[in-house]
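The values are calculated or read from the model by the stated rules, or taken from the named source; none is laboratory data. Quantities reported herein were computed from a predicted structural model and do not represent experimental measurements. Positions of Cβ are generated from backbone atoms using ideal geometry, with glycine treated the same way; all protein chains shown enter the neighbour counts. When the accessible area is computed, the model is the full protein with side chains, heavy atoms only, and any ligands, DNA or RNA have been set aside. Shrake-Rupley method; radii C 1.70, N 1.55, O 1.52, S 1.80 Å.
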Amino acid sequence: MNFEIEHDACGIGTVVQIDGKQSYDVVDKALHIVEKLEHRAGKDASGKVGDGVGILLQISDDFFRKTLKKENIKLPEYYGIGMFFLPRNKLLLNQHKKMFEKFVEQEGCKFITWRKVPCNESILGQKAKDCMPNIYQAFIERPQNISSDVAFDKVLYVIRREFEKSCKETYIASLSSRTIVYKGMFLVSQLRNFYLDLQDKNYKSAIAIVHSRFSTNTTPSWQRAHPNRFIAHNGEINTIRANVNKMLAREESMHSEFLDENSSKILPIINTSGSDSAMLDNALEFLVMNGMPLEKAVMILIPEPWKHQDMDQKKKDFYHYYATMMEPWDGPAAILFSDGEKVGAVLDRNGLRPSRYYLTSDNMLILSSEVGVLDIDEKKIVKKSRLEPGKMLLVDTKKKELIEDYDLKNEYASSNPYGEWLDTYLLHLKDLPAPDKKTHIHSQHERDILYKIFGYTYEDVKDIILPMARVKLEPTSAMGTDIPLAIYSKNHLSLFHYFKQLFAQVTNPPIDSLREEVVTDTTIYIGSDGNLLKDKSDNCTVLEVNNPILTSRDMDKIRQLNQTGFKNETISLLFYRSTSLKEALDNLFIECDKAYRNGANILILSDKGVDEGHMAIPSLLAVSALEQHLVKTKKKTDVSIIVESGEPRDVHQFATLLGYGATAIYPYLAHECIEEMIQLNMLDKEVNIAIDDYNEAILKGIVKIAAKMGISTLQSYQGAQIFEAIGISKEVIDTYFTNTISEVEGITLEDIEKDLIYHHDRAYDPLGLSTDTSLDSIGFHKLRKGDGKIR
């Protein structure tokens with residue numbers, strides 16, 4: 001099973017005693033909720049093995065004291081508990097136990113004991129039984145020099161991260177002084193019956209979060225059941241690849257006292273073998289452990305659609321400030337989260353996962369994926385409501401209060417003068433001065449040669465570029481296609497043709513980018529990310545661009561930008577014909593690293609200057625290869641990639657460039673083509689207006705493509721790799737398009753180079769003879785007959 005293509009749809013619920021009073025009633029009610037969510041929990045063909053069910057609870061102090069007292073163990077005043085899924089192999093089991101005890105001791109804590117969790121294995125289906133881990137709880141004493149549970153949880157986090165890197169066969173479901181997670185590969189009815197602790201009425205909690213997993217195309221496992229350590233999640237994070245890559249790269253740009261002291265122990269932030277929910281949990285946990293309040297961290301990761309909404313200016317400024325450093329983790333999502341003291345719920349910006357809640361007269365909050373999960377006397381219900389798109393609900397059991405969305409967010413929005421910081425440090429492309437110089441335009445002869453080199457056809461010009469420049473819309477075409485796959489074509493198609501757009505399937509709804517324009521945001525930011533872990537005025541020193549498809553005037557503005565925090569350098573994509581494509585890519589990395597060392601944070605990849613002796617690295621290959629290089633070397637969030645290329649001309653090509661890491665694109669040859677058509681009276685428009693209309697049509701097309709995957713922000717779409725490759729070798733994919741789904745292998749780097757040479761030879765005859773520079777018409781969009789056609 002390829003875990004890159006897995007998605008699931010689930011049921012969630014929480015029961016919270018707002019005043020913090022612990023009781024078994026809270027636990028029992030939550031278990032009843034999950035038992036009612038059977039229709040939201042998957043099972044195998046036998047009907048005896050579920051996709052996963054779990055519950056997150058507060059640690060019940062009285063329960064564990066009484067339980068361990070029976071084994072003559074007295075718990076100290078303050079302690080933490082870990083829930084472990086240990087290996088079934090006895091030797092590994094004992095080795096991992098000893099290893100954990102060693103890490104506890106190294107971090108200045110005292111290990112108390114192991115407890116084998118009492119379980120009823122007989123109720124499990126055979127598949128669940130066959131892969132069932134050894135389930136143990138570990139008890140650790142809080143050192144006297146640590147004064148709070150929050151500080152102790154940070155130490156436990158460090159211990160867990162060290163252990164996880166040393167013992168990959170063991171999974172720690174939770175390790176905390178405040179919360180504990182019971183979960184497994186169950187049917188909904190099996191959670192209560194499997195863990196005997198959950199049947200004991202002495203187990204009391206004021207907080208309970210439950211989750212039932214419905215995997216549409218996922219292999220279930222004990223580890224992948226929810227809740228995670230902080231969240232229970234119903235939905236998908238469609239932008240996960242971009243989010244994870246950027247989060248890993250931020251390890252170099254983020255700083256806090258805790259991180260600087262423990263970086264070698266806790267990094268990497270994200271465990272990339274986890275599910276999208278687990279990786280979101282990793283990111284949230286990291287922010288919290290570095291001192292960010294839980295609810296604030298959730299606001300930053302899953303923001304409201306603030307750009308086009310009428311909202312308080314302070315709140316808009318808060319979101320705007322953090323948008324310069326963190327892209328939304330976008331996709332349909334209803335998320336419950338808790339640190340053991342606070343419990344919250346948040347809905348995605350599109351509201352595509354329902355969450356309804358009741359408040360009762362006995363001071364209880366009951367929230368679930370749907371109503372009817374608990375039988376509650378109508379007389380006891382004080383309020384019925386639902387979570388609205390982008391909104392948050394929070395209960396603080398320490399303060400004994402429920403905090404509504406406005407009050408909650410207003411507190412953080414007012415905590416700093418974010419608006420002043422933005423006014424001082426954020427630059428806007430539209431406001432930058434443009435140089436008083438004419439943009440270089442190729443001659444007709446030079447342009448005809450470039451058309452050949454970049455594979456332009458008559459259809460590209462007449463059926464794609466011209467209509468977009470004329471009516472500001474992508475031309476309508478059939479959804480299906482009956483031309484051969486690029487790997488089978490004899491026409492040496494560009495690399496773009498080997499990539500197919502993914503779209504929302506099964507439980508993951510697409511969005512209507514036209515009717516739901518309020519949630520879409522095309523803003524991108526150019527420059528270096530600030531330090532997400534510390535509020536500073538100059539964190540937002542970036543250049544804001546509302547349309548990533550640039551004009552020549554935009555490029556001139558960026559090239560002459562000479563302010564603190566910005567330095568650009570143009571990196572040529574050209575290489576000698578005698579040089580291999582691999583060497584050219586390696587040289588590209590060297591040049592970009594050199595530019596970075598010299599302070600450049602805007603890299604302009606340009607294929608201008610192609611001649612008889614030079615070819616250009618395909619723009620998509622260059623962008624994706626450099627993106628992966630920057631991610632691996634942890635420079636990604638310090639550098640923006642701008643592509644200056646004659647290659648892209650249709651929506652799909654721009655979408656792939658953005659999807660594989662480009663921040664912005666200047667399609668100089670497409671723009672010159674528009675100007676040429678105006679000169680030939682094929683288009684009756686002023687040049688700048690026609691180019692702006694073409695750019696706008698491209699942008700609308702990209703937004704439509706992202707919307708088909710349930711993504712509403714271009715900032716999150718960048719680098720998200722929402723494509724499947726068909727007909728590219730595994731070596732090329734793994735090296736230059738890392739983590740791209742590819743089920744069918746094909747062309748190698750050498751084959752891509754042969755395609756480049758083919759087009760180069762058609763533009764510049766190797767013997768110096770004249771060449772035919774007229775545009776081909778190969779029937780890509782409309783049927784053509786005869787030799788050399790797409791058929």
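Under 6 Å between Cβ atoms, at least 6 apart or on separate chains: pull out the pairs that start in segment 287-307 with a residue that is of a type in the set (Lys, Arg) and end on any residue that is open to solvent by 10 Å² or more (accessible area, probe 1.4 Å) and assigned to a helix (DSSP H, G or I).
296/412
Can you find a residue in segment 164-187 that is over 26 Å from residue 259 (Cα atoms), open to solvent by 10 Å² or more (accessible area, probe 1.4 Å) and in contact with a strand residue (DSSP E or B) (Cβ under 6 Å, 6 or more places away or on another chain)?
Yes; the residues of segment 164-187 include at least one that is over 26 Å from residue 259 (Cα atoms), open to solvent by 10 Å² or more (accessible area, probe 1.4 Å) and in contact with a strand residue (DSSP E or B) (Cβ under 6 Å, 6 or more places away or on another chain).
Can you name the residue in segment 359-396 that is of a type in the set (A, V, I, L, M) and open to solvent by 60 Å² or more (accessible area, probe 1.4 Å) and is also farthest from residue 232 (Cα to Cα) among such residues?
382
Looking at segment 626-656 only, could you name the residues that are open to solvent by 10 Å² or more (accessible area, probe 1.4 Å), acidic (Asp, Glu) and over 26 Å from residue 467 (Cβ atoms)?
638, the sole residue that qualifies.
For residue 433, which of the numbered conditions (1) at pLDDT 90 or above; (2) buried (at least 20 other Cβ atoms within 10 Å of the Cβ) fails to hold?
Residue 433 satisfies all of (1) at pLDDT 90 or above; (2) buried (at least 20 other Cβ atoms within 10 Å of the Cβ) except (2).
Would you pick out the residues in segment 31-68 that are acidic (Asp, Glu) and modelled with pLDDT under 95?
35, 38, 44, 51
Need the failing condition index for residue 125 against (1) touching a strand residue (DSSP E or B) at 6+ places or on another chain (Cβ under 9 Å); (2) modelled with pLDDT of 95 or more; (3) not aliphatic (A, V, I, L, M), just the number.
Condition (2) is where residue 125 drops out.
How many of the residues making up segment 98-147 are more than 35 Å from the chain's Cα centre (by Cα), hydroxyl-bearing (Ser, Thr, Tyr) and open to solvent by less than 60 Å² (accessible area, probe 1.4 Å)?
The total comes to 1.
What pairs can you find where one residue is in segment 245-268 and within 18 Å of residue 632 (Cβ to Cβ) and part of a helix (DSSP H, G or I), the other is among the β-branched types (Val, Ile, Thr) and modelled with pLDDT of 95 or more, and their Cβ atoms are less than 7 Å apart, with a gap of 6+ or different chains?
Pairs found: 247/269; 247/270; 248/269; 248/270; 251/269.
If only one of 191, 175 is touching an Asp or Glu at 6+ places or on another chain (Cβ under 9 Å), farther than 24 Å from residue 28 by Cβ and in contact (Cβ under 8 Å) with a residue 40 or more places away in the chain, which one is it?
Result: 175 is the single residue among 191, 175 that is touching an Asp or Glu at 6+ places or on another chain (Cβ under 9 Å), farther than 24 Å from residue 28 by Cβ and in contact (Cβ under 8 Å) with a residue 40 or more places away in the chain.
Search segment 450-466 for residues that are without any contact (Cβ under 8 Å) to a residue 60 or more places away in the chain and pair each with any residue that is open to solvent by 20 Å² or more (accessible area, probe 1.4 Å) and aliphatic (A, V, I, L, M) when their beta-carbon atoms are under 7 Å apart and the residues are at least 6 apart or on different chains.
none
Of the conditions (1) in contact (Cβ under 8 Å) with a residue 40 or more places away in the chain; (2) over 29 Å from residue 416 (Cβ atoms); (3) surrounded by fewer than 22 Cβ atoms within 10 Å (Cβ to Cβ), residue 356 satisfies every one except a single condition; which number is it?
Unmet for residue 356, out of (1) in contact (Cβ under 8 Å) with a residue 40 or more places away in the chain; (2) over 29 Å from residue 416 (Cβ atoms); (3) surrounded by fewer than 22 Cβ atoms within 10 Å (Cβ to Cβ): (1).
Of the conditions (1) touching a residue at least 24 places away in the same chain (Cβ under 8 Å); (2) in contact with a helix residue (DSSP H, G or I) (Cβ under 7 Å, 6 or more places away or on another chain); (3) open to solvent by less than 30 Å² (accessible area, probe 1.4 Å); (4) in a helix (DSSP H, G or I), residue 732 fails just one. Which one is it?
It is condition (1) that residue 732 fails.
Might you let me know whether segment 488-496 holds any residue that is open to solvent by less than 10 Å² (accessible area, probe 1.4 Å), modelled with pLDDT under 95 and among the charged types (D, E, K, R)?
Checking segment 488-496: not a single residue is open to solvent by less than 10 Å² (accessible area, probe 1.4 Å), modelled with pLDDT under 95 and among the charged types (D, E, K, R).
Scan segment 540-562 residue by residue and report those that are part of a helix (DSSP H, G or I), farther than 23 Å from residue 697 by Cα and open to solvent by less than 10 Å² (accessible area, probe 1.4 Å).
Matches in segment 540-562: 540 only.
All but one of (1) at pLDDT 95 or above; (2) in contact with a Pro (Cβ under 9 Å, 6 or more places away or on another chain) hold for residue 280; which doesn't?
It fails just one condition, (2).
Answer yes or no as to whether residue 659 is buried (at least 24 other Cβ atoms within 10 Å of the Cβ) and either over 20 Å from residue 429 (Cβ atoms) or aromatic (Phe, Trp, Tyr) (or both).
Numbers: buried (at least 24 other Cβ atoms within 10 Å of the Cβ): yes; either over 20 Å from residue 429 (Cβ atoms) or aromatic (Phe, Trp, Tyr) (or both): yes.
When the stated conditions are applied, residue 659 passes them.
Output the number of the condition that residue 693 fails; it satisfies all remaining conditions of (1) part of a helix (DSSP H, G or I); (2) open to solvent by less than 10 Å² (accessible area, probe 1.4 Å).
(2)
Pick from 682, 709: which is assigned to a loop (DSSP other than H, G, I, E, B), open to solvent by less than 20 Å² (accessible area, probe 1.4 Å) and on the phi < 0 side of the Ramachandran plot?
Values: 682 fails: open to solvent by less than 20 Å² (accessible area, probe 1.4 Å).
None of the other options fit; the residue is 709.
Mind checking whether some residue in segment 498-507 is at pLDDT 90 or above and either buried (at least 18 other Cβ atoms within 10 Å of the Cβ) or part of a loop (DSSP other than H, G, I, E, B) (or both)?
Yes, segment 498-507 contains at least one residue that is at pLDDT 90 or above and either buried (at least 18 other Cβ atoms within 10 Å of the Cβ) or part of a loop (DSSP other than H, G, I, E, B) (or both).
If you take the residues of segment 574-625 that are of a type in the set (Phe, Trp, Tyr) and farther than 17 Å from residue 641 by Cβ, which of them is least open to solvent (accessible area, probe 1.4 Å)?
Applying the filter and picking the extreme gives 575.
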